[in-house]
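One structure is given here, and the rest of the page talks about it.
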């Protein structure tokens, strides 16, 4: 059986930045990942790459931003007043902050501090990045 609509897949994967080879995530050395095609566990662009692969197959794919986590969008950068954060929060580039949003929380990353304004990036951390997706399909079964 091959990966496709209506299948449940177990695999090991590694995700790396294409530009540097830096490891982002991996199941190697741990438990494999199991998901049902279409359940939202993987971005659709990653799932499509797996279609047609049988159990026992290994593959490596270069995934462009549009098929991964999207392009970084300028409109996802917000300038917020420093006073909004309170004195107890240490703000420096790279700090991840959780914000209340309708339906839960959303995370943003401090990109810079410009006087009394803090630039927060609400893009996915991997937005705009070309990735390498290495997979080893262990099992494919009907969902």
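The values are calculated or read from the model by the stated rules, or taken from the named source; none is laboratory data. Fair warning: this is a prediction, and the values are worked out from it, not measured in the lab. Every residue, glycine among them, receives a Cβ derived from its backbone with ideal geometry; neighbour counts consider all protein chains shown.
Regarding residue 140, is this residue under 28 Å from residue 51 (Cβ atoms), at pLDDT 95 or above and either in contact with a helix residue (DSSP H, G or I) (Cβ under 9 Å, 6 or more places away or on another chain) or in a strand (DSSP E or B) (or both)?
Criteria met by residue 140.
Being touching a residue at least 40 places away in the same chain (Cβ under 8 Å) and more than 14 Å from residue 135 (Cα to Cα) is the filter here; which residues of region 6-20 pass it?
Hits for region 6-20 are 6, 7, 8, 17, 18, 19.
Pairs, please: C-beta under 6 Å, at least 6 apart or cross-chain, first residue at positive phi and in region 32-55, second surrounded by 13 or more Cβ atoms within 10 Å (Cβ to Cβ)?
These pairs meet every condition: 52/2.
For a quick check of your reading: which strands (runs of 3 or more DSSP E) sit entirely within region 1-74 and have at least 2 residues that are at pLDDT 95 or above and in contact with a helix residue (DSSP H, G or I) (Cβ under 7 Å, 6 or more places away or on another chain)?
Here the list reads 58-63.
Report yes if some residue within region 95-106 is part of a loop (DSSP other than H, G, I, E, B) and under 18 Å from residue 33 (Cα atoms); otherwise report no.
Among the residues of region 95-106, not one is part of a loop (DSSP other than H, G, I, E, B) and under 18 Å from residue 33 (Cα atoms), which makes the answer no.
Can you pull out the residues in region 75-95 that are surrounded by 14 or more Cβ atoms within 10 Å (Cβ to Cβ), touching a strand residue (DSSP E or B) at 6+ places or on another chain (Cβ under 6 Å) and at pLDDT 95 or above?
Matches in region 75-95: 77, 78, 80.
For region 3-32, give me each residue that is under 13 Å from residue 140 (Cβ atoms) and either surrounded by 14 or more Cβ atoms within 10 Å (Cβ to Cβ) or under 16 Å from the mean Cα position of the chain (by Cα) (or both).
Within region 3-32, 3, 4, 7, 8, 9, 10, 11, 32 qualify.
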